Each structure stands twice: as structure tokens, then as C-alpha cells.
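Asks: Here it is, the structure in full.
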């Protein structure tokens, strides 16, 4: 369709420079927080064999998969006609991480602490806070805390929660804004079994995850149809709650580990947190903002590495998306100004080169730019035809430059500090020496 | 397939921490070089409506597209049975950039200087230097140098080439290692027309691009079949060559612009460079290493913004992949050591916390980690059961930590500088104050 404007695919984003800088600001926080806590970065393919995601992630994810295929491969096209794509765009990163860990389990350190950030894809209906392509940050701790090491397991869970909390704190959020709502699938599955779900604990957990999303009048009969006594479950759940995690006897180890990392104030036990992914085995948590929106979620997945052919490996991790986090920071006025972001990310021009209008000076602009850049400085110029120095100085200022350099003639410039509005004129070498990165 | 190890898709990569750090080192160079030259970062969706790529990129790209579709959408599945996917994973970024520029052309500055880095996907046969998912860096200058402004056009072309050369120079490459081989499609199309290809210039250009890739004995008859007098073209081409770009009369403006940016030494005119993409309109260039491998390529695409519904807009840009660049740097011994990369990227731990083995000291490890991280420091610990301080100090050293902190008792630590092997014991506050980020 030449001549017509093509739209971007529904639920995806175009990042122009301002939006991109805001995104990089968040990604930079993700990265620095991960590194501070001793996590090392990994990445995998954007698409995987579809089985990587269908093995163990559960129906919720599988129904939202984007299929992918190579147009060159005849056998792939044949399968497509049956509706089967060989590849899927990753809806989440954990299965890739499990595949990568399983492939090298014997050589990797114990524990292995990995972080990841990148795009994920879900073919769900786009709405506020939900897109079809979004960015996610994951932190995972693998190989620490076996079945007979409850304290080590609690330490790993607490470290995963602590890095998540540190990110939120470093964005300016407070414990009054957010709560890490913690639960344990193993404990809740036991309670559900006692209330009539024995043998169908996973189904009951998945239904529990829908509570609050589906009207109570509908969900009650669904539990009843499974033979679950919901009133009894609610009574048992009330007994699990406690003002502090460490006050809930079944969460005592985790509470102590959270306290020693200084993040217990951010946490609470919530017996109704189930998480939609099928692979969680024990601790699960959701980071809830203003008692409502989930900005992150995670949990323990002690069987997943084996599913991918690795040895039995305890594992815990979480994911945080950029979309809800950005909305929360904007709503609370915590996103810095674009000028501050440019400063934080090192995007301010160090120098803006201006000709004084003579042909000799015009010809000296490009060589001076090259010289400044060769010294590692971020140097810009105006491309306008104007010779009005006032206008060009305004361009320098609009670009956020630290210095304007006006080329006055052979070997002489005026150096103008645009932050304090001072200026000086002198030999080029001496003036340039004043601009340090 | 539970229990079996799943492979990653053919032609894709798993980045474990060491490979990831090497990749981030290259991406960091791409980013910093772009910013130094005044380019601003953008990004678009990983997949686009397939038409975005089929409009104007040419057959080479279209035959290598990965199709993508949402499993939720019935009409998409119906089309799939005909072999048509609604979306494509981007094989290159330029069409997305053109779509984005066209959508906001009126509000964007003239010129607009954008850079991008991210994954691209091509369903070609994987081989050394070619993968199905790879990273690419693009720099583009849009809206500068109209049809009657040859000097401004040359300046834009030269700026695009200069940022590419600066990246290579900042990696330690020299003009003796690489050449930016420059050509002009408009000039060569004219020559081809004179040699018998009038009306079929684009076909002849695409065939020229295959020269050197297909045996000369096969390509000769293909030109002959088009009615092109190849011997005559070769004679005309010889006349276009010159030791320096500015010595070739038809490239005089570009030569002068390259010289003023200090990069003419890196460049040469090569009348056989055609580039495979259909949308190039004038200047085209390839960065060739050791006279053989192409590490980057680009050119002028003055009609593409209009194709995407925008106003007529002169544009020039290039793309560089990470795969060939990495191979070249490795082959030439220019990739830094992993320790140097960790230092360059700020990945070295600032502090490694060690208990002296008493229960009180053990309990103080986590709170001290939290305190150090709260100060913005990268702090780690050992998770081993050992109480052997010598072994733990070795762990600290293996992790590349700057300092080890041994908790000696209430409010007292030993601070060991692992770079100069000095140590001191004293009050925790005083010792920690010596660790600056």
C-alpha cells in the first residue's frame, strides 16, 4: 500500500526518543539493581520450539502464544495447515532459563543467580497495563536450598524478594505504596485437599487464582462443583494470615530471612495468592500496588529444571513488566523529568559547535566535531542555514548541551558554559581542555 | 518431552553470563558511539504487519522472513492455511524506522538522527557469520539534503559513514584492516543503462550485487542474457576508481565531506558495490574487513519515507551486525579479556562479605549485604557451608571483588583490598566509608 500510513501491530509500541529514554531509565534501574545483588545477566532466543512453553507453563500462557515459522521450510508449512507452528515467540523467559540451566547444570555454580531483561509476547486483548509485546525483568536463584534445607530455601526466597523490593525502593516507592503478598502453594494445596479438593489440588489452585477476577457469585458454584467447601477454606485461610510474615508460624523461616535483609516491612502473608503459571511448587508472591495492581510476581519452581532434562534443582524467581511499573511511577509522580533522565543516562551533549558565520569558521565545524568525538565527548552542531548566533545558542540550550563552542577564527573559540551562563574566549586547545567528560 | 534436554532453535544463541557480557560490551560501544555523534535511540515492535517488509525491501529479504501469528485469532488461522502469516519478525529495522518517521514526519526535527539496536531474524541457512537471530545496530539521518543540495547530501552520507568508522576505530581497528567501499547506484545504473540494461537497471544492479558470490563463469552469461555488455561496463567502472574518494570527480562532494570529518583514509570508491536491498537510491557502501567479509553496509533511500505515506524525505543509514564484528575482533585479538569487560561494564563486585565463623557473625552477613546494597554498592557473599576464611577469600577474589569484608564481631570488620592486597581492621562504619562506588 504505497502512499498510505501503515499502522504498527495492535498492542505493540513505537518508542520515539523520549519514550525510549524513559524505557532505558527503567531498564537501567533493573540492570543496576540486579548487579548490586550479585545476579549475572543471560539471554536466550526470542523464539523457542513451541514445546518449551507448552510442557509446563499451563493453559493460561499456552492460549496466548504467538506462533512463528520459517517461510523457507516446506515441512513447517505443511504442519501450519494443521494449525501447528514449530516455534513460539516467548510469552515469558522462565522456560528458556530452565532449558539453559538444564543444558549446563553440571558446570554452573551453586547457587546460580541470573537476571534477564527483554521483550515478551502474549496474544491477549490489549488494554491498560496489558500489551501484546512488553518488556520483562526476571531474577532467578537456582540450586540453593534442598528439600531438607528449609532455612537455605527461605534465604533464596528472601533474596529474590529483596532484589524486587530494592528496585521498587530505588524508584521512590514506599512500603505504604506496595505490598509483597506471599503465599505457599504447598500449604494452600494441603488446605484445599482438606476442604475436598484431594487429587484436584492444581485445578483448585488455578481457580483460587481467578478469585477476585471473576465475580464471587460465579466462582462459588465453580468451587462447589469441584466439591470444595469454600467457607471452610476461608476459615483456614484466616488462620494463616498474620500482621508480619514472621508471626505466621508456617512462614517463620521466610519471615526471619526477610527481616535479616531488611525487607519484612514490605511483605505480608496472603493465603489467596495462587499465581496462574502451572510450574510453581512452593512459595509464590505478587507485588501489589495500592492493594490492586500486580507490578511483579514470582515463586518457587523446584521441578522445572528436571522437566527440561536437568538434575533436581531448587529454584525461585520473579518477573516484573515495564508496563504496569511505568503506569505506577507516572501515577505517583515518580518518573523523573525528561531532562533528569537524559542526565541520568549520560545523554546530555557535552558540546554544541557553532560557526561565527565566516566561511573559514563554517569549514572548521566538522573537523572540530570529529576532534571532540575522538576525545570521547558527545558533540553536536546545528544543521540550519541561519548565521544568527543567538538562535544557534538557543538550539544548543534546547539540546541540553553543557557547553557551546563558537569558532571565532584560526585557533580561537569562545567557550560558553550553558549551565552557569559564563563564557571565555581563547586558544582552541586551552578552551577544549576545560571540557571533561 | 519431560526428562530430555530440549535444544535451542537452529541458528539462535544462548547467552550465558560470559557471552552476555561480551555482547553487552559491543552493544555499549554501539550505544556510546551513536550518542557521541548526536544520534538518539528509538525502537519499534519485534514483529510488524508483513506488508511493512514486502513493500520495498526486495526478494532477498522477503524469501527469508519468519512469519508470526496469534493462535487466538480465527481469521489469521484461516489465512495461514493459504500459507500467509499476518506478521513477520523483523529481518531488518529500516522499514520500521521509515514507518515511524512517516507517521510523525511533520513534528520531527530536520534532520532527524536516530540509532537503533536490537534483534533481527532471517530464516537463512545458519553458517559462520550468519545466524537466524542476530543483533544489529543502525544509524540513520533523515530529512537532510534535498535533490538540489548535493553538498548537504554528501555531509549526511559522510556523517553516517563517520559514526560507523568511529565504532570500528574505538574497537581498535585501523584503516589497514577495513575499507568503507563506496558506490552510487544512480551513477552505476546510468552506466549499466549505457551498457544495454536500459529499463532493467534494478535487475542488473541486483545481479551486480551477486558478482563475487556466484562464479564468474555463471554470472557472465546472466548479464549477457540481459543484453548487458559486461566488458564495456568493466571498462567504465575502471574509470570510476580512484585512490582517494575525493579524487573521483563524481564523488568529489562526498570525498570533501569525508575528509572534513577525518575519515577519508578509511574509504575508497568501488564501482561493484550494489547492496541487495531494493530501496537504496544513491550512495551505497559496505565496510569490508581484510578485503573479504562485510561487517556493515548501508546507503541512501530517498524514496522510502514516501512509500510509507510520509512526505518526500532524503535519508541515509547503515546497519552493522554483531556476529561478523565479534568474529573480526576475536580473529584480530581485539576482544578485551573477560576481566577487562567486567571492569568496563561496571560488573565488578565492590564488596564480598565473609563471616569469621561465629554464629553472631554468620547472622550479620545478610544485614551487612543489605546495608552495602542500600548504599548503591554491588555486594556479594559466599553461600558455601565452609568456615575456612582462606577459601572464602579465594571466592571473593575469583568473583573479581574489589574488597573483602570479614565480619569480626559486634561493629568490627577487617577490610581487605583485593587489588593491592592491603588490609585494615576497625569499626564497621569507618571501614565501610573507605569503599566508594
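Asks: What number goes with the only condition from (1) at pLDDT below 95; (2) out of contact with any strand residue (DSSP E or B) (no Cβ under 9 Å at 6 or more places or on another chain); (3) within 24 Å of residue A:155 (Cβ to Cβ) that residue B:387 does not pass?
Replies: (2)
Asks: When the residues of the stretch B:336-368 are filtered to those that are at the interface with another protein chain (Cβ under 8 Å from one of its Cβ atoms) and more than 29 Å from residue B:27 (Cβ to Cβ), which remaining residue is surrounded by the most Cβ atoms within 10 Å (Cβ to Cβ)?
Replies: Looking at the filtered set, the residue picked out is B:366.
Asks: Next question, about the same structure. So which residues in the stretch B:32-45 are more than 9 Å from chain A (Cβ to nearest Cβ) and in a helix (DSSP H, G or I)?
Replies: Matches in the stretch B:32-45: B:34 only.
Asks: Restricting to the stretch B:287-301, name every residue that is touching a residue at least 40 places away in the same chain (Cβ under 8 Å), in contact with a strand residue (DSSP E or B) (Cβ under 8 Å, 6 or more places away or on another chain) and either in a strand (DSSP E or B) or more than 22 Å from residue B:326 (Cβ to Cβ) (or both).
Replies: B:287, B:288, B:289, B:295, B:296, B:298, B:299, B:300, B:301
Asks: Would you confirm whether any residue within the stretch B:93-107 is at positive phi and surrounded by fewer than 22 Cβ atoms within 10 Å (Cβ to Cβ)?
Replies: The answer is no; no qualifying residue exists.
Asks: Additional query: Give the residue that is modelled with the highest pLDDT, with candidates limited to residues of the stretch A:65-100 that are within 7 Å of chain B (Cβ to nearest Cβ) and either over 20 Å from residue A:46 (Cβ atoms) or part of a loop (DSSP other than H, G, I, E, B) (or both).
Replies: A:65
Asks: With respect to residue B:287, determine if the residue is touching a helix residue (DSSP H, G or I) at 6+ places or on another chain (Cβ under 9 Å) and either closer than 20 Å to residue B:210 by Cβ or buried (at least 20 other Cβ atoms within 10 Å of the Cβ) (or both). Give the derivation first.
Replies: Values: touching a helix residue (DSSP H, G or I) at 6+ places or on another chain (Cβ under 9 Å): yes; either closer than 20 Å to residue B:210 by Cβ or buried (at least 20 other Cβ atoms within 10 Å of the Cβ) (or both): yes.
Here the answer is yes, as residue B:287 does meet what is asked.
Asks: Would you mind finding the one in A:269, A:307, A:295, A:263 that is under 19 Å from the mean Cα position of the chain (by Cα) and in the same structural domain as residue A:136 (by TED's automatic domain parsing)?
Replies: A:295
Asks: Then there is this: Given the criteria surrounded by fewer than 21 Cβ atoms within 10 Å (Cβ to Cβ), at pLDDT 95 or above and facing chain A (nearest Cβ under 7 Å), does residue B:48 qualify?
Replies: No, not satisfied.
Asks: Would you pick out the residues in the stretch B:247-286 that are away from chain A (no Cβ under 14 Å) and part of a helix (DSSP H, G or I)?
Replies: B:247, B:249, B:250, B:251, B:252
Asks: Next question. Return yes when residue A:277 is assigned by TED's automatic domain parsing to the domain that holds residue A:168, buried (at least 22 other Cβ atoms within 10 Å of the Cβ) and out of contact with any strand residue (DSSP E or B) (no Cβ under 7 Å at 6 or more places or on another chain) and no when it is not.
Replies: Criteria met by residue A:277.
Asks: Here is a check on your reading of the model: is residue B:105 more than 9 Å from chain A (Cβ to nearest Cβ), modelled with pLDDT of 95 or more and more than 19 Å from the chain's Cα centre (by Cα)? Steps first, please.
Replies: Values: more than 9 Å from chain A (Cβ to nearest Cβ): yes; modelled with pLDDT of 95 or more: yes; more than 19 Å from the chain's Cα centre (by Cα): yes.
Yes; evaluated as a whole, the condition is true for this residue.
Asks: Out of everything in the stretch A:108-138 that is outside any strand (DSSP E or B) and out of contact with any helix residue (DSSP H, G or I) (no Cβ under 8 Å at 6 or more places or on another chain), what residue ends up being surrounded by the most Cβ atoms within 10 Å (Cβ to Cβ)?
Replies: So, considering only residues that are outside any strand (DSSP E or B) and out of contact with any helix residue (DSSP H, G or I) (no Cβ under 8 Å at 6 or more places or on another chain), the one surrounded by the most Cβ atoms within 10 Å (Cβ to Cβ) is A:132.
Asks: Looking at the structure I just gave you, is residue B:212 in the same structural domain as residue B:142 (by TED's automatic domain parsing) and out of contact with any helix residue (DSSP H, G or I) (no Cβ under 8 Å at 6 or more places or on another chain)?
Replies: So residue B:212 passes the test.
Asks: (1) touching a helix residue (DSSP H, G or I) at 6+ places or on another chain (Cβ under 8 Å); (2) farther than 26 Å from residue A:132 by Cβ; (3) free of Cβ contacts under 8 Å to residues at least 40 places away in the same chain: which one isn't true of residue B:149, the others all being true?
Replies: Only one criterion is unmet by residue B:149, namely (1).
Asks: Would you pick out the residues in the stretch A:152-163 that are surrounded by 20 or more Cβ atoms within 10 Å (Cβ to Cβ) and either within 23 Å of residue A:95 (Cβ to Cβ) or out of contact with any helix residue (DSSP H, G or I) (no Cβ under 6 Å at 6 or more places or on another chain) (or both)?
Replies: The answer is A:153, A:156, A:157, A:159, A:160, A:161, A:162, A:163.
Asks: Mind listing whichever residues of the stretch A:311-330 are part of a strand (DSSP E or B) and in contact with a helix residue (DSSP H, G or I) (Cβ under 9 Å, 6 or more places away or on another chain)?
Replies: Of everything in the stretch A:311-330, those that are part of a strand (DSSP E or B) and in contact with a helix residue (DSSP H, G or I) (Cβ under 9 Å, 6 or more places away or on another chain) turn out to be A:315, A:316, A:317, A:318, A:319, A:320.
Asks: Return the residues of the stretch A:376-410 that are assigned to a loop (DSSP other than H, G, I, E, B) and either touching a residue at least 60 places away in the same chain (Cβ under 8 Å) or exposed (fewer than 12 other Cβ atoms within 10 Å of the Cβ) (or both); say none if nothing qualifies.
Replies: A:376, A:377, A:384, A:385, A:386, A:388, A:400, A:410
Table: residues versus (1) more than 30 Å from residue B:368 (Cα to Cα); (2) surrounded by fewer than 18 Cβ atoms within 10 Å (Cβ to Cβ); (3) free of Cβ contacts under 8 Å to residues at least 40 places away in the same chain.
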position	(1), (2), (3)
A:216	yes, yes, yes
A:228	yes, no, yes
A:238	yes, yes, yes
A:243	no, yes, yes
A:248	no, no, yes
A:254	no, no, no
A:266	no, no, no
A:270	no, no, no
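Asks: Kindly indicate whether residue A:166 is within 14 Å of chain B (Cβ to nearest Cβ) and either exposed (fewer than 15 other Cβ atoms within 10 Å of the Cβ) or not in a helix (DSSP H, G or I) (or both).
Replies: No: the conditions fail for residue A:166.
The values are calculated or read from the model by the stated rules, or taken from the named source; none is laboratory data. Predicted model, so just to flag it, every value in this text is computed and none were measured. Neighbour counts are summed over all protein chains in view; Cβ atoms, including those assigned to glycine, are modelled from backbone coordinates with ideal geometry.
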